[in-house]
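> One structure is given below, represented as structure tokens, and several questions about it will come after.
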Amino acid sequence: MATRVAARASSAVRGPPSLLSLARRPRWRSPSPVQSCYSSSGPTSSIAIEGADGKTYKTDEWMNTPPSILSAVSKRLHLQPDHPLAITRQLIESRFPGYAYHNALFPIVTTHQNFDSLGFPPDHPGRSRTDTYYINSKTVLRTHTSAHQADTFRANETPGYLISADVYRRDAVDRSHYPVFHQMEGAMTWDRDSVPAGSTLAQQIWADVAKIPAHPGLAAQDPNPTMHPDRNPLQPEHAADEVEAVAAHLKRSLEDVVVAIFTAARAATTTPSGDAPPDEPLQIRWVEAYFPFTSPSWELEVFWQGEWLEVLGSGVVRHSILAAAGVPTRIGWAFGLGLERIAMLLFSIPDIRLFWSEDQRFLSQFSASKPIARFAPFSKYPACFKDVSFWLPVGAGGNSAGGLVAGFHENDVMELVRDVAGDLAEDVRLVDEFTHPKTGRRSCCYRINYRSLERTLTNEETNELHERLRRTLVGRLGVELR
Ligand code: PHE
């Protein structure tokens, strides 16, 4: 599972096209049947999308985006305060002081932004309607944050920037895959024309490398040369000593991020007795990679709970992209990482769908102002609420705030529910109580939430449990049902 999530961060754009198509789409899987369901009736149809500030989009026969996916556009989980994705984003941002943070870029982009500007060949499988959500032949839901690279380089506001955003890919839905997820893009570039006389570009970059915290305790494997003529070539516009310096800056920046994340994750991964796991050195490795928009390129893998996990893709930005963006004198690096992937490790969140949960039992577990803590799983099976109201026996008096009043204690009700329903009762609470003005008798109403951790309870089963509870209340506590 873990490796597949990681692959999400880069699979749509990784590898030579021939390999990629084999890896990504099993031969037995036919071209998507979903497409026709959501096609608009003709080239003149248009759709309005919530969150698009009233903008409408023309659809055509390329349209394959279902309403459920369009409805994710307005969610922006990475910006919701105290959401685990937002906490993860902020933790990474804190390791890049001085960078600009762009967090509100709209997800509907042109095929030029998502593919052409980055040098994707016209036949690249990432462009296919089986992999990508189209609105029309020239408009897609971005498949990666790199869709904004060219525009951000063109704006040229800061040498370093981070972009966090929702991205969309057609894929299976399981515990580690969801068709909408979040990425963070980062980039840093230097301008040749701004190097002071008497210094070189490489020296300038190395001086910046020295400012990044180093982690000598980190066991980093980096066995390959920074560039390799066949496997990971130097671009013709670059000098080798410059690329060595750029690569060192990239790697040290990202190693610092990884150390911050895994230190927090490890601190959160305490055993039930409160002991921290053995303090083994964090192991990471740099692996050669391929992206159409960087060269040389690398992926970073981290050894976590017995497995090598791919956490990000990165490389030296193609000169052609910077030149086309009007900044031909700049050189630098870029990376892209999957935020869910990191957040799942950070908080031990077992299922990617949980990020979309609006259940307070999920959301209330995370706080940006508290230390990272492990997520405590709860049942995902449906809740079934049932109320029981009764008159307390005469003489039992009232039951205020759960206290003992004349022989009746709320904990008796609690215990009785546990006796009858066992672990199928998730929650019991007093929802109403009052005293009859004439008779002085007190009445209580309790609400029981029946929910299994393992399965969906049938109506019959919960009705029967609840009926048994009612009878037992009468039999054991002498209440009168209402
Ligand atoms: N956009 C790439 C992906 O989604 C990741 C990446 C970003 C790789 C920047 C290199 C540089 O897989």
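The values are calculated or read from the model by the stated rules, or taken from the named source; none is laboratory data. A quick note: this is a predicted structure, and the numbers were derived from the prediction, not measured. Glycine also receives a Cβ, built like all others from the backbone with ideal geometry; neighbour counts cover every protein chain displayed.
> Residues of region 427-482 being of a type in the set (K, R), part of a loop (DSSP other than H, G, I, E, B) and surrounded by 14 or more Cβ atoms within 10 Å (Cβ to Cβ), which ones?
R441, R451
> Return only the number of the condition from (1) more than 24 Å from R252 (Cα to Cα); (2) within 15 Å of the ligand (Cβ to nearest atom) that Q183 does not satisfy.
It fails just one condition, (1).
> Scan region 190-202 and tell me whether some residue there is in the same structural domain as F106 (by the TED database) and either within 14 Å of the ligand (Cβ to nearest atom) or of a type in the set (D, E) (or both).
yes
Okay, residues lined up against (1) farther than 30 Å from F262 by Cβ; (2) within 16 Å of the ligand (Cβ to nearest atom); (3) of a type in the set (D, E); (4) exposed (fewer than 13 other Cβ atoms within 10 Å of the Cβ):
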site: M188; (1), (2), (3), (4): no, yes, no, no
site: A207; (1), (2), (3), (4): no, no, no, yes
site: A210; (1), (2), (3), (4): no, no, no, yes
site: N224; (1), (2), (3), (4): no, no, no, no
site: M227; (1), (2), (3), (4): no, yes, no, no
site: V246; (1), (2), (3), (4): no, yes, no, no
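> I would also like to ask the following. Would region 261-280 turn up any residue that is under 29 Å from A147 (Cβ atoms) and within 15 Å of the ligand (Cβ to nearest atom)?
no
> Those residues that are modelled with pLDDT of 95 or more, more than 8 Å from the ligand (Cβ to nearest atom) and not aromatic (F, W, Y), I need them from region 285-301; list them, please.
Within region 285-301, R285, V287, E288, P292, S295, P296, E299, L300 meet the criteria.
> Check whether at least one residue in region 161-168 is away from the ligand (no atom under 12 Å from the Cβ), without any contact (Cβ under 8 Å) to a residue 60 or more places away in the chain and either assigned by the TED database to the domain that holds L91 or under 21 Å from the mean Cα position of the chain (by Cα) (or both), and report yes or no.
No - not one qualifying residue is present in region 161-168.
> Then there's this: So, Q203, is that one modelled with pLDDT of 95 or more and not in a strand (DSSP E or B) or not?
yes
> With the checklist (1) at pLDDT 95 or above; (2) crowded, with 22+ Cβ neighbours inside 10 Å in hand, flag the one item R252 doesn't pass.
(2)
> Do the conditions hold for Y178, that is, is it out of contact with any strand residue (DSSP E or B) (no Cβ under 9 Å at 6 or more places or on another chain), assigned by the TED database to the domain that holds R318 and under 29 Å from S46 (Cβ atoms)?
Considered against the rule, which asks whether it is out of contact with any strand residue (DSSP E or B) (no Cβ under 9 Å at 6 or more places or on another chain), assigned by the TED database to the domain that holds R318 and under 29 Å from S46 (Cβ atoms), Y178 comes out as yes.
> Six or more apart or on different chains, Cβ atoms under 6 Å: show the pairs whose first residue is in region 136-160 and in the same structural domain as K58 (by the TED database) and of a type in the set (D, E, K, R) and whose second is within 12 Å of the ligand (Cβ to nearest atom) and assigned to a strand (DSSP E or B).
Hits for this filter: R142/V167.
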